[in-house]
Amino acid sequence: MPTLFKYDKGVKFLKKPENLTLIADPTTVKAAADCDAALVTHAHTDHSLAFPNESIKVYSTEIASKLFEGLTAKKTKNTEFVNLNKTTNVNGIETKFIPAGHLLGAAQIVFYFDDLTICYTGDISTDEMLTVPRAAVPEDDVDILITEATYGKGDLFFDSRERLKASILKWVAENLQKNKVPVVNIGHLGPAQEIIAYLNKMLSVDIYCDNRTSEINKVYNEEGHNLQWNRFDILNDSELKTERSLVLLPRAAKEIPDFLKPHKFSRSIITGQASRFAYSSFEQAFPFSMHANCNELLEHVKAVNPQKVYTLYGFDSELAAIIRQRLKLPAQPIKLSKKRLTLEEFF
Ligand SMILES: [Zn+2]
Ligand SMILES: [Zn+2]
C-alpha cells in the first residue's frame, strides 16, 4: 500500500498496513486527535494550534515552541524538540526539519517514507535576511513537494526587500524630521523583528512596541539577536521624544494607543497584502513580506526539482498553473487531490 496524503485541516500522511497517521500543522484539535503525532513547522497560530494540546505528541523546533509561548501566553505541552538538519524518528518514520526562513525557528519538513520522499514547506522565504536564513533546499531527492502558495500569483508586485526596507527607512526619517511620530502597523511575529533589526542598524531611533511583540523580541535575543526596543505600555508620556521615536502596532490595530494622542504622528502599514489591497486609511503601505513571492516560490520549486508538486494556502490554483506552464512539472492544489481518494482507501 503506498503512502497516502491529503489535506484535512492539516497535511495528513497515512501509512498502511501499520495504519500510522501523521499530521503536519493541524488547524483544529479534532483534526489532530486521531493522529499518532503532529509536526509543527513554525509558531504562527494558523500552523501551531497543536502545541498546547496535551493529548497530541508534537514535534517542533524549540524556538518555535518558545515563540508560540511568547505569542499566545499559553504553554506548549507534550512537545519533543527536534534539531534542524538532523534526522528525527517520528513513530518509525524518518523525518528531517530543515530551515524555512520566514520566521526564527521555522522549518520545512522532509518525510522519508519507504516509497516516497515528501517535503512540506510550511511557510518559506528564500531571501537571506537579518533575522532568518534563506529556505534550504533538501539535500536528498524529493518525490513530492507540498509548497505554500500564500503569494503564488504572478501579478502580485513585490519590490525587492532591500528596496522596500530603504523606502520604509526614508518614510520614517522624513516623519521624524517633521516632528511626527512614525506609527507602523506590522505583523508582530516575524516582520516586526526583521524591521526592528534593520532600523536598529540604520538609524538612531527609539522603537516602541506592545507587550506581546516585546515578549517575542526577547526570544529572538535569547537566540543571539540584538534587538533594541522599549515597551510603550509602561511609558510615561513625557518620555516620548517625538524627534526620535517610532511606534510599532499590531498589524490589525485600528485605534492608536492613548499615549500617542497628544502627539503629531503619521501612520503606515507593512504587509505583503499591500501588494493586493490599497490600505487607504494609511499614509503609506509597504508590501514587505516574510513569505516568498511568486517568483521566489518558483525558484524554490525548481531547485527542489520534485516529481510532482502540490500547492497549499493562498493562491494554490494560480501557483499550480504557473508551475505547470513554466516549470513543466505536474502540479495541483492539495485540496483538490483529496477528491481522488475514497474514504475506505484513506482509512
Ligand atoms: Zn507563517
Ligand atoms: Zn501561514
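Restricting the stretch 52-62 to residues that are at pLDDT 95 or above and among the β-branched types (V, I, T) leaves a set whose member that is nearest to ligand 1 (Cβ to nearest atom) is T61.
Specify the residue that is modelled with the highest pLDDT; the eligible residues are those in the stretch 85-115 that are touching a Pro at 6+ places or on another chain (Cβ under 8 Å) and surrounded by fewer than 18 Cβ atoms within 10 Å (Cβ to Cβ). Per the stated criteria, the residue is N85.
Can you pull out every residue in the stretch 234-253 that is within 30 Å of K66 (Cβ to Cβ) and either assigned by TED's automatic domain parsing to the domain that holds H44 or without any contact (Cβ under 8 Å) to a residue 24 or more places away in the chain (or both)? Result: I234, E239.
Condition first: closer than 15 Å to E299 by Cβ and among the charged types (D, E, K, R). Can you find one or more residues in the stretch 105-128 that meet it? Yes, the stretch 105-128 contains a residue that is closer than 15 Å to E299 by Cβ and among the charged types (D, E, K, R).
Residues of the stretch 95-131 that are among the hydroxyl-bearing types (S, T, Y) and either outside any strand (DSSP E or B) or touching a Cys at 6+ places or on another chain (Cβ under 8 Å) (or both): T121, S125, T126, T131. As for the stretch 202-213, it holds no residue that is within 16 Å of ligand 1 (Cβ to nearest atom), surrounded by 16 or more Cβ atoms within 10 Å (Cβ to Cβ) and aromatic (F, W, Y).
Set side by side, the residues A320, A303 differ, and just one is more than 16 Å from ligand 1 (Cβ to nearest atom), buried (at least 23 other Cβ atoms within 10 Å of the Cβ), more than 29 Å from P250 (Cβ to Cβ) and not assigned by TED's automatic domain parsing to the domain that holds Q193, which is A320. May I ask you to verify whether V137 is under 30 Å from F13 (Cβ atoms), of a type in the set (V, I, T) and touching a Pro at 6+ places or on another chain (Cβ under 7 Å)? Taking the combined requirement at face value, the residue does not satisfy it. Taking each residue of the stretch 9-22 that is within 16 Å of L49 (Cβ to Cβ) and looking for partners that are among the basic types (K, R) with beta-carbon atoms closer than 7 Å, six or more apart or interchain, yields K12/K6.
Among the residues of the stretch 132-169, write down those that are among the β-branched types (V, I, T) and in a loop (DSSP other than H, G, I, E, B). It would help to see each step written out before you state the result.
As a first pass, look at the stretch 132-169 and keep what is among the β-branched types (V, I, T): 132, 137, 142, 144, 146-147, 150, 168.
Selection gives V132, V137, V142, T150.
Counting the residues of the stretch 56-84 that are surrounded by fewer than 19 Cβ atoms within 10 Å (Cβ to Cβ), touching a Phe, Trp or Tyr at 6+ places or on another chain (Cβ under 7 Å) and among the hydroxyl-bearing types (S, T, Y) gives 0. Looking across Y198, Y279, one residue alone is surrounded by fewer than 22 Cβ atoms within 10 Å (Cβ to Cβ) and on the phi > 0 side of the Ramachandran plot. It is Y279. Quick check, is G224 at positive phi, modelled with pLDDT of 95 or more, of a type outside the set (S, T, N, Q) and buried (at least 23 other Cβ atoms within 10 Å of the Cβ)? Judged against the criteria, G224 is not a match.
When F158 is tested against (1) crowded, with 22+ Cβ neighbours inside 10 Å; (2) modelled with pLDDT under 95, just one condition goes unmet, and that condition is (1).
Based on what the data block shows, is L260 of a type outside the set (S, T, Y), under 30 Å from L312 (Cα atoms) and away from ligand 1 (no atom under 16 Å from the Cβ)? Judged against the criteria, L260 is not a match. The criterion of at least 1 residues that are within 16 Å of ligand 2 (Cβ to nearest atom) is met by the following strands (runs of 3 or more DSSP E) wholly inside the stretch 1-90: 4-7, 11-15, 20-24, 37-39, 58-60. Output the residue which, of all residues in the stretch 21-51 that are away from ligand 1 (no atom under 16 Å from the Cβ), aliphatic (A, V, I, L, M) and modelled with pLDDT of 95 or more, is nearest to G10 (Cα to Cα). So, considering only residues that are away from ligand 1 (no atom under 16 Å from the Cβ), aliphatic (A, V, I, L, M) and modelled with pLDDT of 95 or more, the one nearest to G10 (Cα to Cα) is I23.
The values are calculated or read from the model by the stated rules, or taken from the named source; none is laboratory data. None of these values were measured; they are calculated from a predicted model. Quick reminder, even Gly has a Cβ in these numbers, built from the backbone with ideal geometry, and neighbours come from all protein chains shown.
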